[in-house]
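Here the structure comes first, spelled out in structure tokens, and everything after it is commentary.
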Amino acid sequence: MKTIDQRIWEDNLHMRKEYISDSTFSEADEFEPDQLKLWKKNKLLFSIRDEDDNELLPSFQFEDAKPLEIISRVLKRFPDDMTPWQTALWFSTPNGYLDDKIPQENLNDIDGLLIAAEEEAAKIFG
């Protein structure tokens with residue numbers, strides 16, 4: 001019989017694989033490495049790593065090969081210890097503060113996204 005931790009780990013791995021298979025990514029090597037580091041350091045975007053440790057950039061964050069401003073505004077509301085995978089799942093999961101819409105599909109709802117991000121931070125801090 002599997003432990004709860006084993007089941008959580010397996011569920012988490014399944015969600016990650018599903019996210020990777022369902023999402024569109026920009027390759028990290030499409031961008032100049034120093035620019036990409038600067039964007040991540042300044043919370044202008046986020047990246048995730050796959051099972052093979054490849055860096056993947058969810059493409060919904062970009063317009064004309066530049067990070068969208070709303071991504072930075074949302075990321076800066078999240079706690080510093082929120083992991084890239086927690087961030088990816090937040091953006092790809094229906095959110096009650098957005099009438100159960102998916103954040104990454106509703107990037108034009110700036111006020112809604114910012115409220116939802118603030119509520120996420122409040123839940124984590126508690």
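Here is how the numbers come out for the structure above:
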quantity: Candidates 114, 57, 13, ranked by Gaussian network fluctuation over the chain, Cα under 10 Å, top entry; calculated: 13
quantity: Convex hull projection area averaged over all views, the stretch 1-67, Cα basis, nm²; calculated: 5.6
quantity: Gyration tensor (Cα) of the stretch 30-81, equivalent ellipsoid semi-axes in angstrom; calculated: 17, 14, 11
quantity: Residue of 60, 46, 31 that the Gaussian network model of the chain assigns the largest fluctuation, springs spanning Cα pairs under 10 Å; calculated: 31
quantity: Selection of GluC sites (Glu not before Pro), the stretch 48-126, meeting DSSP coil and at most 10 other Cβ within 10 Å; calculated: 51
quantity: Radius 15 Å from Cβ of residue 11, net charge of other residues (Lys, Arg +1; Asp, Glu -1); calculated: +1
quantity: Computed [θ] at 222 nm, helices only, for the chain once each DSSP H run of length n ≥ 4 contributes -39500 (n - 2.57); calculated: -15000 deg cm²/dmol
quantity: Contact order normalised by residue count of the chain, Cα under 8 Å, 6+ apart, percent; calculated: 19
quantity: Selected from 65, 28, 116 as most flexible by GNM, with the chain as the system and alpha-carbon contacts under 10 Å; calculated: 65
quantity: Estimated distance in nm for a label pair at residue 17 and residue 119, the labels positioned 7 Å out from Cα along Cα-to-Cβ; calculated: 3.2
quantity: Positive-end residue of 122, 13, 97, charge dipole of the chain with Cβ unit charges; calculated: 122
quantity: Diffusion constant of the chain at 37 °C, which comes from Stokes-Einstein with the Kirkwood Cα-pair radius and 0.692 mPa s, µm²/s; calculated: 213
quantity: Local electrostatic count at residue 99 - Lys and Arg +1, Asp and Glu -1, tallied over other residues with Cβ under 15 Å; calculated: -4
quantity: Cα-based Lys proximity count in the chain, under 22 Å, for pairs eight or more positions apart or on separate chains; calculated: 15
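Values quoted throughout were computed directly from the atomic coordinates according to the rules given, and no laboratory measurement underlies them. Here the structure is a predicted model, which is why all the values come from computation and not from measurement. Reconstructed Cβ throughout: ideal geometry from the backbone, glycine too, with neighbour counts over all protein chains shown.
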